[in-house]
Amino acid sequence: MREEVLFTVDTPYRHSLPVKGWRFGDPEKKSLAVMGALRGNEVQQMYICAQLIQTLEKLERDGLLSPDCGILVVPCANQFSMNVGRRFWAADNTDINRMFPGYDQGETTQRIAAHIFAAIQGYAYGVHLTSFYLLGDLLPHVRIMETGYQREEEALAFGLPYVLLRTPQPYDTTTLNYNWQIWETQTFSLYTHETDSIDPDAARQAVEAIVRFLAVKGLVRREAPALESAPVLFREDRLHNVLSSTGGLLFCRRKPGDAVQAGDVLGDILDPCTCAVLEQLRADCRGRVFFLHRAQLIDGHEVAFRILPDSV
């Protein structure tokens, strides 16, 4: 294991912050790069990287990494926002994950994106441990951008229950996932159901998924464990959105992974002053709860739940 400073970030009113990477295996090989927290509230994603570093250090010490294996793990590139409790770049509220491939003469977040991209470019595989743009809980899954360069069957090697294929929207073209893949790295975004708090079990599942991927690709000398069931591959547009029609207090009656039938009550929206039931949110199909809105307050016309139909 080799720890190195990839680049430094100048911040107002304090010392520059180093962005560090940990390398494993042959430093001349570019097999897999793992990017952790780009946002200041992605504590779980940083923690997963830390656990992955410990796991890879042991595998390397035990001589279980392939001679052709070269791995880079970058736990965090936004310590500034993390230190002050802000999701986006604290100085101007911009999102680093909307700045790729970056511009080294541009604004701060553009320069950070450019430095990150330079450090992780050229790897055969890339994993981005990221958070969902909607605040809520969701099932662990692998997400792939449909750029025309993707090989979605590669994602099955992680062994997570679901693989989601997303058709990029214009605003996706500045994300790390999209640009990494355009620049000839097979890229996967891994999602767990936590972001700003640590879930050790979910983190362990993510680390095991990455190690399993390495084993399937022959980069780690260990047998990939058998799966209880084959991962489900589906397009994002198959998800059914259950929208709120009014605002209020949201009390969920279901959790991610729960099986539901059409007509089942998913949650109640209550009047915040009287607790009268303003609306009951119901499933419109048979399937499983894939996502639910986390905050207790919800506005009208927000995505409260997303249901994955049984027939995908």
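Structural remarks
- Placing a label point 7 Å from the Cα of L249 along the Cα-to-Cβ direction, the residues of the range 283-303 whose backbone N falls under 13 Å of that point are 296-298.
- Angle between the chain longest axis and helix 200-216 axis [Cα atoms, degrees, rounded to 10]: 50 degrees
- The angle between the Cα long axis of helix 108-120 and the main principal axis of the chain comes to about 60°, on a 0 to 90 degree scale.
- Each principal axis of the Cα cloud of the range 63-136 was taken in turn, and the coordinate range along them, longest first, works out to 44, 34, 22 Å.
- If the segment from E28 to R282 were pulled out straight at 0.36 nm per residue, it would be longer than the present Cα-Cα gap by 86.0 nm.
- Remark on F291: its backbone amide H falls under 5 Å from those of R306, a criterion applied only to residues 5 or more positions apart or on other chains, H modelled at 1.01 Å from N.
- Extension gain (nm, one decimal) between A226 and D10, 0.36 nm per residue minus Cα-Cα: 73.1 nm
- Residue order, fewest to most beta carbons within 10 Å, for F213, F88: F88, F213
- Residues within the reach of a label modelled at A262 (point 7 angstrom out along Cα to beta-carbon, backbone nitrogen below 18 Å), restricted to the range 277-312, are 281-289, 306-312.
- Rounded if a/c under 1.5, otherwise prolate or oblate - the range 165-230, Cα gyration tensor axes: oblate
- Residue-wise HN-Hα coupling along the range 23-40, computed from phi with Karplus coefficients 6.51, -1.76, 1.60 (Hz; x: Gly, Pro): 10, 9, x, 6, x, 7, 9, 10, 8, 9, 10, 10, 9, x, 6, 9, 10, x
- Straightening the chain between A91 and A50 buys 12.1 nm, computed as 0.36 nm per residue apart minus the Cα-Cα spacing.
- Amide hydrogen proximity for A90: with H placed 1.01 Å from N in the peptide plane, the residues at 5 or more positions away or on another chain lying under 5 Å are S81.
- Crossing angle, helix 43-61 versus the chain [Cα axis fit, 0-90 degrees, rounded to tens]: 40 degrees
- Among beta bridges that DSSP assigns inside the chain, antiparallel share in %, nearest 5: 65 percent
- With helices as the sole contributors, the chain gives -6000 deg cm²/dmol at 222 nm; each DSSP H run of n ≥ 4 counts as -39500 (n - 2.57), and the sum is divided by every residue.
- Close amide H pairs (under 5 Å, H built 1.01 Å from N) link K20 with L6, C76, residues at least 5 positions away or on another chain.
- Annotation: the residues I144, I210, sorted from fewest to most other C-beta atoms within 10 Å of their own C-beta, follow the order I144, I210.
- Alpha-carbon centroids, the range 47-82 and the range 167-182: separation in whole Å: 25 Å
- F7, F24 arranged by Cβ crowding within 10 Å, fewest neighbours leading: F7, F24
Bear in mind these aren't lab numbers, they're just calculated from the coordinates by the rules spelled out. Please read all numbers here as calculations on a predicted model, not as lab measurements. Methodologically, a virtual Cβ is constructed for each residue, glycine included, from the backbone with ideal geometry; neighbour enumeration extends over all protein chains shown.
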